[in-house]
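Single-structure report; data block below.
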Amino acid sequence: MIKNTLLLGCAISLASTMAFAELPPLAKKDRYKVGFAQTESNNPWRIAETRSFKETAKSCNWDLVYTDAAGSAAKQVADVDSMIAQGVDIIFLPPREEKPLLPAVLRAKAQGIPVMLVDRSVDSSVAKAGRDYVTFLGSNFIQQGQLAAQWLIKNANGKGKIIELEGTTGSSPANDRRKGFDDEIAKHSGMTILASQSGDFSRDKGRKVTETLLQAHPDVDVIYAHNDEMAIGAIQALEAAGKVPGKDVLIVSVDGTRDALQAIIDGKMGVTIESSPFFGPLACETMTRYANGEKIEPWVRVTDRIFTISNAAKHIDEAY
Ligand code: AHR
């Protein structure tokens, strides 16, 4: 594993030195051909992100080349390659997983097409913003995990038997939301993570994984889900098992979807840490800055809010 990462790292540094020493520039134009290579469309978050890019295409004068990888990193690589072949001016990419998309990012750079990573990142030990791709537009996933843990520690008085539902294996939000949360929980001896398993960011898988883990750990009193869809699946599994979500089991999650805010209002979920999917306007603004010759910071950070019973009703109408 370490050897493979090192080899990939060497290949990538060599490829980036051999291709363009500098990042490819973006010419100033009235209209751009813009690639957006979506990962999948099976949850409200992804649908909201795609809608944001499609709406921005109109306001920012883009001819949008949109693809949907349908949950396959291999298809997403092929989608990026096809955008390169079509000669798009720039590619916005949410890499489904941290490693498999790296070679496609480098191929785009080698063909003179700037890439901006959006919402998810690649393995930062082998590819760097400002060298291999222009920048990463997105949230701080480690901080999201920390905030979820801190809310939990405060609201469960430092005690809890936790099941963790992880996102897509190998994706940056799953890796970082786990790290942020687990490191914070490890500081509290009264809190234990009983089991941690991937539900692939999907409602149905979140429900099935919870059903299985409930059999092995009937004493669970907290579920931390890496996104709201899995949290809603977990609520369904708990109710089917005769437990009362929000009372017998505290639910802590990330995203800020409409269903999650409704679950908070209904008393079934404790907190969701926002992770905004509305990247279109930020993508337009950042590529305009880049075309104007500005040096772009390696991480264009998105700040997130925390939704609890104190503000869920106020924000539900703007949720997706
Ligand atoms: O990359 C962001 C994550 O991807 C969202 O939290 C999740 O819902 C989506 O699928």
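A few points about this structure:
- Unmet criterion (only one of (1) modelled with pLDDT under 95; (2) away from the ligand (no atom under 16 Å from the Cβ)) for Glu184: (1)
- Output for the range 136-159, where each listed residue is within 13 Å of the ligand (Cβ to nearest atom) and buried (at least 18 other Cβ atoms within 10 Å of the Cβ): Phe136, Leu137, Gly138, Ser139, Phe141, Gln144, Gly145, Ala148
- Of all the numbered requirements in (1) within 14 Å of the ligand (Cβ to nearest atom); (2) within 30 Å of Pro25 (Cα to Cα), Ser198 misses one, and that requirement is (2).
- Residues (under 18 Å from the mean Cα position of the chain (by Cα), part of a loop (DSSP other than H, G, I, E, B) and on the phi < 0 side of the Ramachandran plot) located in the range 201-227: Ser202, His226, Asn227
- Selection of first residues in the range 98-109 that are free of Cβ contacts under 8 Å to residues at least 40 places away in the same chain and of second residues that are in a loop (DSSP other than H, G, I, E, B), restricted to Cβ pairs under 7 Å at least 6 apart or on distinct chains, gives the following pairs, ordered by first then second residue: Leu101/Pro95; Leu101/Val122; Val105/Val122; Val105/Ala127; Val105/Asp132.
- Residues that are among the acidic types (Asp, Glu), over 14 Å from the mean Cα position of the chain (by Cα) and within 23 Å of Ala104 (Cα to Cα) occur at least once in the range 127-135.
- Scope the range 290-320; condition over 30 Å from Val252 (Cβ atoms) and buried (at least 16 other Cβ atoms within 10 Å of the Cβ); matching residues: Tyr290, Ala291, Ile296
- Restricting the range 155-197 to residues that are in contact with a Leu (Cβ under 7 Å, 6 or more places away or on another chain) and either among the aliphatic types (A, V, I, L, M) or in a loop (DSSP other than H, G, I, E, B) (or both), the residue that is farthest from Glu98 (Cα to Cα) is Ala156.
- Just one of (1) more than 16 Å from the ligand (Cβ to nearest atom); (2) at negative phi; (3) in contact with a strand residue (DSSP E or B) (Cβ under 8 Å, 6 or more places away or on another chain) fails for Met116. It is (1).
- Inside the range 228-254, residues that are small (Gly, Ala, Ser) and either in contact (Cβ under 8 Å) with a residue 60 or more places away in the chain or assigned to a helix (DSSP H, G or I) (or both) make up a count of 6.
- Residue match in the range 234-249 (condition: surrounded by 21 or more Cβ atoms within 10 Å (Cβ to Cβ) and within 15 Å of the ligand (Cβ to nearest atom)): yes
The values are calculated or read from the model by the stated rules, or taken from the named source; none is laboratory data. Predicted model only: the values in this text are computed from it and were never measured. Note that we place each Cβ from the backbone using ideal geometry, even for glycine, and neighbour counts take in every protein chain shown.
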